[in-house]
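Taking it in order: structure first as structure tokens, then the write-up.
The values are calculated or read from the model by the stated rules, or taken from the named source; none is laboratory data. This is a predicted model, so every value here is computed, not measured. Methodologically, a virtual Cβ is constructed for each residue, glycine included, from the backbone with ideal geometry; neighbour enumeration extends over all protein chains shown. The area values use the complete protein model at the heavy-atom level, side chains included, leaving out ligands, DNA and RNA. Shrake-Rupley method; radii C 1.70, N 1.55, O 1.52, S 1.80 Å.
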Amino acid sequence: MQKITIAIDGFSSTGKSTVAKQLAKHLGYIYVDTGAMYRAVTLFTMQNGFIDKEHFNINALVEKLRNITISFKFNKDLGFAEVYLNGVNVEKEIRTLEVSSFVSKVAAIPEVRYQLVKQQQQMGKDKGVVMDGRDIGTVVFPYAELKLFMIASAEKRATRRFNELIERGDNVKYEDVLRNVQERDYIDSNREDSPLRKAEDAIEIDNSDLSLEEQFNKVLHLVEKTF
Ligand code: C5P
């Protein structure tokens, strides 16, 4: 069967990666978590002391961008690809609330976006890809055959992210997670370069009251209609 490109965008913690992973597995497609790439660049920025609560040395980061290599390796046990920063598996480190608190600032830098978008386009050039993020349907693959835009209430989203962090053993407060989700949505939607927008031809899915199974069936139906 002919392969297509599936772009999934939306606000933070709308369940994009869950549905993207399910779809990729079902269709035998590659799944690319572009948020993980921005998170890995953020971890690099933190590790080099270029960002903290008080300052952000954008020039230092931009100068070092060519020293950053981000790659993915499929983990058979997990059933998805984990992200590597300069050859080191950083899948766990990039999901902390601290990384989340800086990532939208790093992702607003045009040089960072330019480099990561180029890599994303390369990874999806042969189609057969499910990619999730904020600008996939608008910038990375504007000609994707299927574009989804996921939404859910801020409280539902914060609860999901909070539960994920607690399950991992992180000591976080619900209010801090909610504030982070709202802050990221604001910065991501208001930045100059590639702001988070629903592409005109994207199909909106509100999953506030959908079970994972209902959501998957709905999305699968849309995929089937695309062929
Ligand atoms: O998807 P996730 O919540 O892990 O993304 C983390 C952050 O990375 C987002 O809040 C956003 O600032 C940035 N991002 C982006 N463009 C993408 C994917 C993520 O700007 N395509």
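Here are a few things to note about the model shown:
- Screening K16 against (1) more than 20 Å from N217 (Cβ to Cβ); (2) open to solvent by less than 40 Å² (accessible area, probe 1.4 Å); (3) in contact (Cβ under 8 Å) with a residue 60 or more places away in the chain leaves a single unmet condition, (1).
- Within the stretch 98-114, the only residue that satisfies the criterion of being away from the ligand (no atom under 12 Å from the Cβ) and touching a helix residue (DSSP H, G or I) at 6+ places or on another chain (Cβ under 6 Å) is E111.
- Number of the exception - A60 against (1) open to solvent by 10 Å² or more (accessible area, probe 1.4 Å); (2) in a helix (DSSP H, G or I); (3) touching a residue at least 40 places away in the same chain (Cβ under 8 Å); (4) more than 12 Å from the ligand (Cβ to nearest atom): (3)
- Some residue of the stretch 117-128 being open to solvent by less than 70 Å² (accessible area, probe 1.4 Å) and away from the ligand (no atom under 13 Å from the Cβ): yes
- Considering residues of the stretch 83-97 that are closer than 22 Å to N67 by Cβ and in a helix (DSSP H, G or I) only, the residue least open to solvent (accessible area, probe 1.4 Å): I94
- Taking each residue of the stretch 28-43 that is modelled with pLDDT of 95 or more and looking for partners that are of a type in the set (A, V, I, L, M) and near the ligand (Cβ under 7 Å from one of its atoms) with beta-carbon atoms closer than 6 Å, six or more apart or interchain, yields Y38/V103; Y38/A107; R39/V103; T42/V103.
- When N171 is tested against (1) away from the ligand (no atom under 14 Å from the Cβ); (2) in contact with a Leu (Cβ under 6 Å, 6 or more places away or on another chain), only condition (2) is not met.
- In the set (1) outside any helix (DSSP H, G or I); (2) at pLDDT below 95; (3) under 16 Å from the mean Cα position of the chain (by Cα), R160 fails one condition alone, (1).
- Among the residues of the stretch 184-227, those identified as within 16 Å of the ligand (Cβ to nearest atom), open to solvent by 90 Å² or more (accessible area, probe 1.4 Å) and in contact (Cβ under 8 Å) with a residue 24 or more places away in the chain are E192, R197.
- Subset tally (residues that are modelled with pLDDT under 95 and either open to solvent by 70 Å² or more (accessible area, probe 1.4 Å) or assigned to a helix (DSSP H, G or I) (or both)) for the stretch 129-156: 3
- Index of the failed condition, L65 passing every other in (1) in contact with an Asp or Glu (Cβ under 7 Å, 6 or more places away or on another chain); (2) not in a helix (DSSP H, G or I): (2)
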